[in-house]
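Note sheet for the following structure.
The values are calculated or read from the model by the stated rules, or taken from the named source; none is laboratory data. From a predicted model like this one, the values you see are computed outputs, not experimental measurements. Neighbour counts are summed over all protein chains in view; Cβ atoms, including those assigned to glycine, are modelled from backbone coordinates with ideal geometry.
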Amino acid sequence: MWATILVFASVLGGIVAGMFIVPEAIITDIDSISTLLLGLLLFSVGIDIGSNKNALSGIKEKAKMVITIVSAVVVGSIVGGLVMTYLYKDSINTSLAITAGYGWYSLSGILLKNLANAEVGAIAFLTNVFREVLAFILIPIMATKFDKETAIPPAGATAMDTCLPLISRVTSPDVAVVSFLCGVILSSLVPVMVPFFYAL
């Protein structure tokens, strides 16, 4: 619960700081600063995993969990795309291609801008941005209310980068390893699945 409150407070604090406090010179370099800070966060997660001698053991069991989670994310995204097709009367291939971004908003947006048009690219971008924001809210809740591994699926492809520090914080080094592997596989699937679904 506290992790969710912290995420909300951080986002709101960032909005206020961006509007009234942070100088324009810093805002123009915010992408570089964010990349550096994310790198430091991921490095600290790596240290946490490496210091836990049991985190990298039982790879066979972890592989089964990774396959299960990745499959659940892919199937769940397909179901979500089908529901959106029905609700918004959009083409099935476009809806499925958008949901196949798995949270990787920058790549899915660019892919669909090139495959379809700027409007579809923008929808893909925003859909996957909202997916990541929702993941930040759901991850602490899922980890508290259910099994720790249930914190991974909401993150989708971002389970290996932006959401990994949060997942590591609210779960354990073992789950962080599974999260990283899931994120790697889902990120690898995005450039394959988006064009595949759009071509249907």
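Brief remarks on what is shown
- Residues of region 132-155 classified as over 12 Å from the mean Cα position of the chain (by Cα), without any contact (Cβ under 8 Å) to a residue 24 or more places away in the chain and surrounded by 16 or more Cβ atoms within 10 Å (Cβ to Cβ), total: 2
- Output for region 64-85, where each listed residue is of a type outside the set (A, V, I, L, M), in contact with a helix residue (DSSP H, G or I) (Cβ under 9 Å, 6 or more places away or on another chain) and either farther than 24 Å from THR162 by Cβ or in contact (Cβ under 8 Å) with a residue 24 or more places away in the chain (or both): GLY76, SER77, GLY81, THR85
- Just one of (1) modelled with pLDDT under 90; (2) not in a helix (DSSP H, G or I) fails for TYR102. It is (1).
- Checking every residue in region 158-171 against the condition of being more than 20 Å from ASN93 (Cβ to Cβ), polar (S, T, N, Q) and either assigned to a loop (DSSP other than H, G, I, E, B) or in contact with a Cys (Cβ under 8 Å, 6 or more places away or on another chain) (or both) gives at least one match.
- Condition met for VAL190 (under 17 Å from SER44 (Cβ atoms), assigned to a helix (DSSP H, G or I) and at pLDDT 90 or above): no
- Residue within region 107-117 that is crowded, with 21+ Cβ neighbours inside 10 Å, of a type outside the set (D, E, K, R) and without any contact (Cβ under 8 Å) to a residue 24 or more places away in the chain present: yes
- In region 171-191, the residues that are under 16 Å from GLU132 (Cβ atoms) and either surrounded by 22 or more Cβ atoms within 10 Å (Cβ to Cβ) or charged (D, E, K, R) (or both): SER179, CYS182, GLY183, LEU186
- Residue satisfying all of: in region 87-110; small (Gly, Ala, Ser) and farther than 12 Å from TYR198 by Cβ; nearest to the chain's Cα centre (by Cα) among these: GLY103
- Filtered by the rule that a residue be modelled with pLDDT of 85 or more and more than 19 Å from MET142 (Cα to Cα), region 30-66 gives ALA63, LYS64.
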